[in-house]
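Notes follow the structure.
The values are calculated or read from the model by the stated rules, or taken from the named source; none is laboratory data. Not measured: the values here are computed from a predicted model. Every residue, glycine as well, gets a Cβ built from its backbone with ideal geometry; the counts of neighbours run over all protein chains shown. These accessible areas exclude ligands, DNA and RNA; they are computed on the full protein's heavy atoms, side chains included. Shrake-Rupley method; radii C 1.70, N 1.55, O 1.52, S 1.80 Å.
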Amino acid sequence: MTRFERRRLREIERGVDPEWARVFEGSSKKDRRRRVAVRVVVDLAAIAVLVSGAVAVSMPTLFLGAVLANVAVCCHLA
């Protein structure tokens, strides 16, 4: 790296807001646990609604279960 590039990099690093830099650090252990808990809750809710819709033979409930299952898939992919 040239001297000019090193100087520009230092200027950029000094100008970065610490709150903004924290976004790129990665997630903490607490955040990962919270995401796993949300995924499990959404999975269980989707399964419960799908099963209750199948037992009651209710199309709106089955539709809601399908929507919740899609939300669960999105949570796993995000």
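Points to keep in mind about this one:
- Boolean, PHE63 is at pLDDT below 90 and open to solvent by 100 Å² or more (accessible area, probe 1.4 Å): no
Conditions tested, residue by residue: (1) loosely packed, with under 10 Cβ neighbours inside 10 Å; (2) in contact with a helix residue (DSSP H, G or I) (Cβ under 7 Å, 6 or more places away or on another chain); (3) modelled with pLDDT of 80 or more; (4) in a loop (DSSP other than H, G, I, E, B).
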residue	(1), (2), (3), (4)
MET1	yes, no, no, yes
PHE4	yes, no, yes, no
ARG10	no, no, no, no
ALA21	no, no, no, no
GLY26	yes, no, no, yes
ARG32	no, no, yes, no
VAL38	no, yes, yes, no
VAL41	no, no, yes, no
ALA45	no, yes, yes, no
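- Counting only residues that are open to solvent by 90 Å² or more (accessible area, probe 1.4 Å) and either within 17 Å of VAL36 (Cα to Cα) or assigned to a helix (DSSP H, G or I) (or both), segment 47-60 holds 4 of them.
- Residue within segment 67-74 that is among the small types (Gly, Ala, Ser) and surrounded by fewer than 14 Cβ atoms within 10 Å (Cβ to Cβ) present: no
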